[in-house]
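*Asks:* Structure in C-alpha cells, see below.
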Amino acid sequence: MHNSYEVKFGLKEKPFSLTIILKILIALFILSFLVKLGSSPLLEIDEAVYAEVARESYTSGDYFSTYFNYETEFSKPPLQYWLLQISYSLFGINEWAVRFPSFIAAFGILSLVYLFGKHIRSSNAGLWACLVLCASPGFYSMIRDARMDLTLIFFITLSIYGFFIYEIASPEPALSDETRLLRFTRNDTSEGARNDKQNNGVIARSKATKQSMFIFYMYFGMAAAALTKGPIGLIFPSLIIFAFILLNKEWGSFRRIKPFHGLLLLILLITPWYIYMTWRYGLTFLEKNIIHENFRKFLVKGIYEPNPGGHLFLAHTFLWYFFPWWLFWFYQQYLWIKNRRQRSEDRGQRTEDRGQKIKVCLLSSASRLPTILLLWFYIPFVFFSLSKFSLPNYLSVVIPAASLGAGIYIDSRKGKGIVEYLFSLFSIPLLIIALVSSFLFFGESLDTFAYLLISGVVISTCFILISALKKEFFITKVGMILLIMMIQLLVSLKFQPILDIYKPAKPIFEAIKSASKGDYEIGFYKTRFFQSLVFYTGKKLREVGSEDSLLQFINSAGERFVITESEGYKGLSESYKQRLEVMGEFPYFPLSRINYSFLNPHTRKGVVRYIVLMRKI
C-alpha cells in the first residue's frame with residue numbers, strides 16, 4: 001500500500017502524504033456542511049414537528065412529556081427532543097439550533113466510520129470511507145433536514161462498532177503480532193495456550209481492560225438508539241450481532257458479550273421514560289408509541305402513505321441515495337464472494353508454529369469483516385423493504401456499512417480496470433444534472449460565485465475522465481469527491497434559496513407578526529396544516545372544517561387570522577369575503593414531492609398552489 005502520492009509543481013516533485021490529502025478533503029466537506037445550515041425555513045412535516053415538540057417541552061419546562069400544537073404527541077421517544085433542547089439553550093430557538101444536533105451526529109458518525117476503517121484495515125481506509133459517506137447524496141440531505149435518522153445511525157453504528165472491536169478486532173489499530181494473539185489464545189483451551197497466557201499475562205490483562213469498554217458501547221448504543229426512534233434501535237444491532245455469531249458458530253460469544261449485564265443496562269436506561277409516560281398517560285401512550293408507530297406501520301398498508309414503490313422501492317432508491325459509490329460497494333461484495341473459498345481454507349489451517357498462529361488469527365479476523373458489513377447492510381435493507389411503509393431516509397441505517405465497504409475497496413487498490421473506468425463515466429450524469437439545474441431550472445440564481453462553482457464542476461469532470469484514461473485512478477476518485485462537493489455547495493448556496501420561496505409558513509408568520517398586536521389566533525380553512533407555523537408563531541393552531549365553523553371562528557373576540565388555499569378563498573361567499581381582509585398570497589409546493597413539472601420554470605406555475613392569508617376586519 002502506498003503511503004504517499006507524488007504531486008508535481010512545475011519542474012519539482014513534492015511528496016504529499018495521502019493521509020494529509022484525505023484529511024484536508026474531509027475537513028473541507030465538514031465545513032461545507034455548515035454553509036447556510038440555519039438559513040432555510042423548516043421543512044414540512046417531520047423536521048417541523050420534531051423542532052416544535054422540543055420547543056414546547058423546552059419552554060414549558062416539562063422535559064419528559066412530548067407535545068405538538070399543545071396536545072400530547074406520542075409518536076417518538078424523547079432523546080432527539082432532549083438534544084434539540086440542549087441546542088436551544090445554547091443557540092436560542094431558531095433553524096440553526098434545530099439542525100445543529102444533526103450536524104454533530106453526522107460528525108460522530110464520520111468519527112466512528114473512520115475508527116472502524118482504521119481498526120479493520122488502515123487509517124486511509126477509514127478516511128476513504130468518511131469521504132464516500134460525505135459525498136453521498138443521502139448523507140448530505142439528512143444533514144440539511146433535522147430528522148432523527150442521523151442520531152439513530154450514530155448510536156447503531158456505536159453499538160456495532162463496540163461489538164466488532166470487542167469480539168473480533170483489536171482495540172488498538174497498530175498492535176504488535178504478539179498482542180494480536182489475545183483473541184486467538186482466549187478461544188484456545190490447550191495447555192500451550194494456557195502457558196502462553198501466563199507468559200503474556202500483563203499484555204492480556206491490559207488489553208482485556210481496554211476491551212471491556214467496548215461492550216459498554218455496544219449496549220449503550222442500543223439503548224440510546226431505542227430512546228431515539230423506538231424498538232428498531234434495539235432490533236437492528238441485536239439481529240446483526242446475533243446473526244453474525246450464528247453464521248460464524250462462535251457460541252462462546254454469547255457468554256463473552258455478557259448478555260445479563262447488557263440486559264440490565266438496557267432496562268436501566270430505556271424503561272424509566274416508558275414507565276413514567278405509561279403512569280402519566282396510561283395505555284394510550286403505549287398503543288400509539290409502540291403498536292401504532294412500529295408494528296401497525298410495518299404490517300398494515302395505508303397507516304400513513306403506502307410504500308410508493310412497493311417492496312422494490314428502496315432497491316432503486318439506493319442507486320441515487322448512494323450514487324456513485326454503490327459501484328465500489330457492490331464490486332467489493334463480488335470480491336469477497338470470489339475469495340471466500342480461499343479464506344475458508346485459511347481459517348481451517350491449524351499449526352503449532354507461533355508465527356503461523358498469528359497469521360491464522362489475523363486472517364480469521366479479517367475474514368469476519370465481510371460478514372459484519374454484509375449483515376449490517378442487508379438486514380435493515382430487507383427489513384424495510386418488507387415493510388408496508390418506507391421512505392428514502394430509511395436507507396440511512398445501511399450507508400455506513402456501504403461506505404466502509406467502498407472505502408476498503410478504494411484503499412486496497414483492487415480492480416484497476418473496468419470498474420474504475422465505469423466509475424469515471426458516472427461524472428457525466430452528475431455534470432449534466434448540475435448544468436441543467438443551473439441554467440434551466442434555477443437560472444435566476446446564477447451570479448459570479450455560481451459560475452465559479454459551475455466552472456469547478458466542469459473542470460472536475462474533465463480531470464476525472466482524463467485521469468481515468470491515463471490510469472491515474474487516485475485523481476479520478478479525488479476529482480469525483482470535489483465534483484460532488486461543488487454540486488452540494490451549488491444546492492446549498494444557489495438552489496435552496498429558490499426552493500425556500502415555496503415554504504410559506506415563515507413568510508406567513510412574518511406577515512402576521514408585522515400586522516398583529518401579539519394576542520391572536522390562527523385558523524386553517526380547507527387547506528393543509530403547516531406544522532412549522534406552530535414553531536414560528538408559538539401559538540396553538542386551529543383547523544376550521546366548514547363555513548359555519550369559520551363564521552364562529554371569526555366572530556369570536558380578539559384578532560383572528562385565516563389561512564386557506566386560493567381555491568378555498570374563491571369558494572367563500574361574498575358575505576365572508578367582506579368580513580375578511582386578504583393580506584397576501586404565498587406560493588407553496590410540497591418539496592418532498594419535487595418533480596420535473598415543478599423544476600421546469602415553464603410548467604412550474606401550473607403545479608404551484610397559493611396560500612391566502614386573511615385577517616378579520
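*Asks:* Please enumerate the residues belonging to the range 537-568 that are open to solvent by less than 30 Å² (accessible area, probe 1.4 Å), outside any strand (DSSP E or B) and without any contact (Cβ under 8 Å) to a residue 40 or more places away in the chain.
*Replies:* Selection gives THR537, LEU550, PHE553.
*Asks:* Any chance the range 395-408 includes a residue that's more than 30 Å from ARG604 (Cβ to Cβ), surrounded by fewer than 18 Cβ atoms within 10 Å (Cβ to Cβ) and among the β-branched types (Val, Ile, Thr)?
*Replies:* No, the conditions are met nowhere in the range 395-408.
*Asks:* I've got another one for you. Of the conditions (1) surrounded by fewer than 14 Cβ atoms within 10 Å (Cβ to Cβ); (2) more than 37 Å from the chain's Cα centre (by Cα); (3) among the β-branched types (Val, Ile, Thr), THR603 satisfies every one except a single condition; which number is it?
*Replies:* Of the numbered conditions (1) surrounded by fewer than 14 Cβ atoms within 10 Å (Cβ to Cβ); (2) more than 37 Å from the chain's Cα centre (by Cα); (3) among the β-branched types (Val, Ile, Thr), the odd one out for THR603 is (2).
*Asks:* Just wondering, is there one or more residues in the range 420-439 that are crowded, with 20+ Cβ neighbours inside 10 Å, in contact with a Pro (Cβ under 7 Å, 6 or more places away or on another chain) and in contact (Cβ under 8 Å) with a residue 24 or more places away in the chain?
*Replies:* Yes.
*Asks:* Just one of (1) open to solvent by less than 30 Å² (accessible area, probe 1.4 Å); (2) under 17 Å from LYS513 (Cα atoms); (3) out of contact with any Phe, Trp or Tyr (no Cβ under 7 Å at 6 or more places or on another chain); (4) not small (Gly, Ala, Ser) trips up TYR576, so point out which.
*Replies:* Tallying (1) open to solvent by less than 30 Å² (accessible area, probe 1.4 Å); (2) under 17 Å from LYS513 (Cα atoms); (3) out of contact with any Phe, Trp or Tyr (no Cβ under 7 Å at 6 or more places or on another chain); (4) not small (Gly, Ala, Ser), TYR576 fails exactly one: (2).
*Asks:* Output the helices (runs of 4 or more DSSP H) that fall wholly within the range 44-142 and possess 1 or more residues being open to solvent by 10 Å² or more (accessible area, probe 1.4 Å), in contact with a strand residue (DSSP E or B) (Cβ under 7 Å, 6 or more places away or on another chain) and modelled with pLDDT under 95, or say none.
*Replies:* On the way: elements: 46-60, 79-91, 95-120, 123-134.
Per the criteria, 46-60.
*Asks:* When the range 519-541 is examined, which residues are found to be touching a Ser or Thr at 6+ places or on another chain (Cβ under 9 Å) and either among the basic types (Lys, Arg) or under 16 Å from PRO41 (Cβ atoms) (or both)?
*Replies:* First pass over the range 519-541, keeping only residues touching a Ser or Thr at 6+ places or on another chain (Cβ under 9 Å): 520-527, 538.
Answer for the range 519-541, where residues must be touching a Ser or Thr at 6+ places or on another chain (Cβ under 9 Å) and either among the basic types (Lys, Arg) or under 16 Å from PRO41 (Cβ atoms) (or both): LYS526, GLY538.
*Asks:* Please go through the range 240-257 and give me each residue that is surrounded by fewer than 17 Cβ atoms within 10 Å (Cβ to Cβ) and not in a helix (DSSP H, G or I), ordered by number.
*Replies:* Hits for the range 240-257 are LYS249, GLU250, TRP251.
*Asks:* Then there is this: Out of all the residues in the range 543-560, is one or more touching a Phe, Trp or Tyr at 6+ places or on another chain (Cβ under 8 Å) and on the phi > 0 side of the Ramachandran plot?
*Replies:* Yes: the range 543-560 contains one or more residues that are touching a Phe, Trp or Tyr at 6+ places or on another chain (Cβ under 8 Å) and on the phi > 0 side of the Ramachandran plot.
*Asks:* Yes or no: LEU319 at pLDDT 55 or above and either assigned to a helix (DSSP H, G or I) or hydrophobic (A, V, I, L, M, F, W, C) (or both)?
*Replies:* Yes, satisfied.
Residues are listed down the side, and each one gets a yes or a no for (1) farther than 30 Å from PHE441 by Cα; (2) of a type in the set (S, T, N, Q):
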{"position": "LEU551", "(1), (2)": "yes, no"}
{"position": "GLY571", "(1), (2)": "yes, no"}
{"position": "ARG579", "(1), (2)": "yes, no"}
{"position": "GLY584", "(1), (2)": "no, no"}
{"position": "PRO587", "(1), (2)": "no, no"}
{"position": "ARG593", "(1), (2)": "no, no"}
{"position": "ASN600", "(1), (2)": "no, yes"}
{"position": "VAL608", "(1), (2)": "no, no"}
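*Asks:* Do you know which residues across the range 580-600 are crowded, with 17+ Cβ neighbours inside 10 Å and part of a loop (DSSP other than H, G, I, E, B)?
*Replies:* Passing the criteria: only PHE589.
*Asks:* I need a count of the residues in the range 1-32 that are open to solvent by 100 Å² or more (accessible area, probe 1.4 Å) and at pLDDT below 50. Full working, then the answer.
*Replies:* Of all residues in the range 1-32, those open to solvent by 100 Å² or more (accessible area, probe 1.4 Å) come to 1-3, 8-9, 11-14, 23, 31.
Applying the additional criterion that residues be at pLDDT below 50 yields 1-3, 8-9, 11-14.
The number of residues fulfilling the criteria is 9.
*Asks:* To continue, here is another question. Tell me whether the range 440-447 contains one or more residues that are open to solvent by 40 Å² or more (accessible area, probe 1.4 Å), modelled with pLDDT under 90 and not in a helix (DSSP H, G or I). Show your work before the answer.
*Replies:* We begin by selecting, within the range 440-447, every residue open to solvent by 40 Å² or more (accessible area, probe 1.4 Å); these are 440, 444, 447.
If we keep only those that are modelled with pLDDT under 90 as well, we get 440, 444, 447.
Next, only the ones that are not in a helix (DSSP H, G or I) stay: 447.
Within the range 440-447, one or more residues are open to solvent by 40 Å² or more (accessible area, probe 1.4 Å), modelled with pLDDT under 90 and not in a helix (DSSP H, G or I).
*Asks:* Tally time: how many residues in the range 87-103 are out of contact with any helix residue (DSSP H, G or I) (no Cβ under 8 Å at 6 or more places or on another chain) and free of Cβ contacts under 8 Å to residues at least 24 places away in the same chain?
*Replies:* Summing the residues that are out of contact with any helix residue (DSSP H, G or I) (no Cβ under 8 Å at 6 or more places or on another chain) and free of Cβ contacts under 8 Å to residues at least 24 places away in the same chain in the range 87-103 gives 1.
The values are calculated or read from the model by the stated rules, or taken from the named source; none is laboratory data. Model, not experiment: these values are computed from the prediction. Counting neighbours? That spans all protein chains shown, and the Cβs are built from the backbone with ideal geometry, glycine included. The area values use the complete protein model at the heavy-atom level, side chains included, leaving out ligands, DNA and RNA. Shrake-Rupley method; radii C 1.70, N 1.55, O 1.52, S 1.80 Å.
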